[in-house]
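A short write-up of the structure that comes next.
Readers should treat all values here as calculations from the given coordinates under stated rules, not as data from a laboratory. Treat the numbers as computed from the prediction; the structure is a model and nothing was measured. Cβ placement follows ideal geometry from the backbone for every residue including glycine, while neighbour counts extend to all protein chains displayed.
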Amino acid sequence: MEMETLQDLYVEELKDLWSAETQLLKALPRMAKAATHPQLKRAFMKHEKQTQQHVKRLERICKGLDVSPRGKKCVGMEGLIKEGKELISEKPAKDVLDAGLITAAQHVEHYEMAGYGTCRTWARVLGRPTDAQLLQTTLDEEQQTDLDLTALAEASINIEAADSSDDE
Ligand SMILES: [Fe+2]
Ligand SMILES: [Fe+2]
């Protein structure tokens, strides 16, 4: 892959995001299954649906650029998902697991937000306003997911996780 222009870098980052999203699409059902709190389960399932759209938007953008979204592995997302898996395999107490799943998911959302913010700006610079709009829509959904997770954590899950350590 030639890496001479900003457009080349833009395409590389789009491929990276596509890889990240498709990896996450496989991980989210596992996270929903592992979560105990019904609202947290629901949040993960809702984000799975959104993530399907994120993949589609990236495919649409790549089609417009006449490139394939495939061909790159996002090792950043791979690592973040691995951390989530490790947490689940340690079998923590239920509320503690929920709190841990939230932080794992928030790491993922922030990682995605960094990528989408950059790509959105590059799309603008490259004179691709439709791409920029699609990327912004996804970015907004990632941000909202992050906020929803914070609200869930603050409303109950962190408190319950702290309580469960009091019991011991
Ligand atoms: Fe996403
Ligand atoms: Fe996301």
**Asked** Taking segment 69-97 as the region of interest, how many residues are touching a residue at least 40 places away in the same chain (Cβ under 8 Å) and either touching a Pro at 6+ places or on another chain (Cβ under 9 Å) or closer than 27 Å to Gln7 by Cα (or both)?
**Response** 9
**Message:** On the basis of being more than 14 Å from ligand 2 (Cβ to nearest atom), farther than 20 Å from Gln133 by Cβ and in contact with a Leu (Cβ under 6 Å, 6 or more places away or on another chain), does Asp8 make the cut?
**Reply:** no
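Let's see how each residue does on (1) free of Cβ contacts under 8 Å to residues at least 24 places away in the same chain; (2) at negative phi; (3) in a helix (DSSP H, G or I); (4) away from ligand 1 (no atom under 13 Å from the Cβ):
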position: Ala104; (1), (2), (3), (4): no, yes, yes, yes
position: Gly115; (1), (2), (3), (4): no, yes, yes, no
position: Thr145; (1), (2), (3), (4): no, yes, yes, no
position: Leu152; (1), (2), (3), (4): no, yes, yes, yes
position: Ala155; (1), (2), (3), (4): yes, yes, yes, yes
position: Asn158; (1), (2), (3), (4): no, yes, yes, yes
position: Ala161; (1), (2), (3), (4): no, yes, yes, yes
**Prompt:** How many residues does segment 28-50 hold that are without any contact (Cβ under 8 Å) to a residue 24 or more places away in the chain and more than 17 Å from Asp146 (Cα to Cα)?
**Reply:** 3
**Complete:** Residue count, segment 118-138, condition surrounded by fewer than 21 Cβ atoms within 10 Å (Cβ to Cβ) and within 13 Å of ligand 2 (Cβ to nearest atom), comes to 1
**Item:** helices (runs of 4 or more DSSP H) completely within segment 1-89 that count 2 or more residues being among the hydroxyl-bearing types (Ser, Thr, Tyr), surrounded by 15 or more Cβ atoms within 10 Å (Cβ to Cβ) and within 16 Å of ligand 1 (Cβ to nearest atom)
**Value:** 6-34
**Out of Glu4, Glu21, Glu12, sole residue that is touching a helix residue (DSSP H, G or I) at 6+ places or on another chain (Cβ under 6 Å) and among the charged types (D, E, K, R)** = Glu21
**Asked** Which residues, taken from segment 51-67, are on the phi < 0 side of the Ramachandran plot and free of Cβ contacts under 8 Å to residues at least 40 places away in the same chain?
**Response** Thr51, Gln52, Val55, Lys56, Lys63
